[in-house]
Amino acid sequence: ISIENEIMIIVIGSIVVKEGCVDEALRISQQHVDHSRSEDGCITHGVHIDSENSQRLVFVEEWKDQASLSQHFVEPTSIEFVKKIEALVVKAPEMAIYDATQLK
């Protein structure tokens, strides 16, 4: 394994959605993901249904740097996403942010 000198920011987040709201939450989340992919500095962005808890959506993101991620958080579409999704969740979202170096 060699170390690639590219450092990136990795975000892993999740939400637990109210019963009967998964389809709506997934639709809103996919719109957010699609828009996020077009932002400067976004490497990857996806939303996934947890195979062990179908009410839990998991977000996995890679960003070029902290500045790109910080800009993402203040984008009007990101703020609107948070407002919409808050009405569909049973508890506060969870998020972990990592400063990582890719290994090859």
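The values are calculated or read from the model by the stated rules, or taken from the named source; none is laboratory data. Since this is a predicted model, take the numbers as computed values, not measurements. Methodologically, a virtual Cβ is constructed for each residue, glycine included, from the backbone with ideal geometry; neighbour enumeration extends over all protein chains shown. Only protein heavy atoms, including side chains, enter the accessible area calculation; ligands, DNA and RNA are left aside. Shrake-Rupley method; radii C 1.70, N 1.55, O 1.52, S 1.80 Å.
Hey, among the residues in the range 63-104 that are in a loop (DSSP other than H, G, I, E, B) and touching a strand residue (DSSP E or B) at 6+ places or on another chain (Cβ under 8 Å), which one's modelled with the lowest pLDDT? Steps first, answer last, please.
Step one: list which residues in the range 63-104 are in a loop (DSSP other than H, G, I, E, B), which gives 64-65, 75, 87-88, 90-93, 104.
After this cut, where a residue has to be touching a strand residue (DSSP E or B) at 6+ places or on another chain (Cβ under 8 Å) as well, the list is 64-65, 88, 90-91, 93, 104.
Details: Lys64: 96, Asp65: 96, Leu88: 98, Val90: 97, Lys91: 93, Pro93: 94, Lys104: 71.
Top of the filtered list is Lys104.
Just the residues that are in contact with a Cys (Cβ under 8 Å, 6 or more places away or on another chain) and exposed (fewer than 12 other Cβ atoms within 10 Å of the Cβ), please, taken from the range 79-97.
Scanning the range 79-97 gives no hits.
Any chance the range 48-61 includes a residue that's free of Cβ contacts under 8 Å to residues at least 12 places away in the same chain and among the acidic types (Asp, Glu)?
Yes: the range 48-61 contains one or more residues that are free of Cβ contacts under 8 Å to residues at least 12 places away in the same chain and among the acidic types (Asp, Glu).
Determine, yes or no, whether Arg27 is at pLDDT 95 or above and under 11 Å from the mean Cα position of the chain (by Cα).
In short, no.
Restricting to the range 57-78, and then to whatever is more than 13 Å from the chain's Cα centre (by Cα) and not polar (S, T, N, Q), can you tell me which residue is most open to solvent (accessible area, probe 1.4 Å)?
Lys64
Has the range 46-62 got any residue that is out of contact with any strand residue (DSSP E or B) (no Cβ under 8 Å at 6 or more places or on another chain) and closer than 26 Å to Ile7 by Cα? Reasoning before the result, please.
Here is the first cut: in the range 46-62, the residues out of contact with any strand residue (DSSP E or B) (no Cβ under 8 Å at 6 or more places or on another chain) are 51-52, 54.
From the residues that got through so far, the ones that are closer than 26 Å to Ile7 by Cα too are none.
No, the range 46-62 contains no residue that is out of contact with any strand residue (DSSP E or B) (no Cβ under 8 Å at 6 or more places or on another chain) and closer than 26 Å to Ile7 by Cα.
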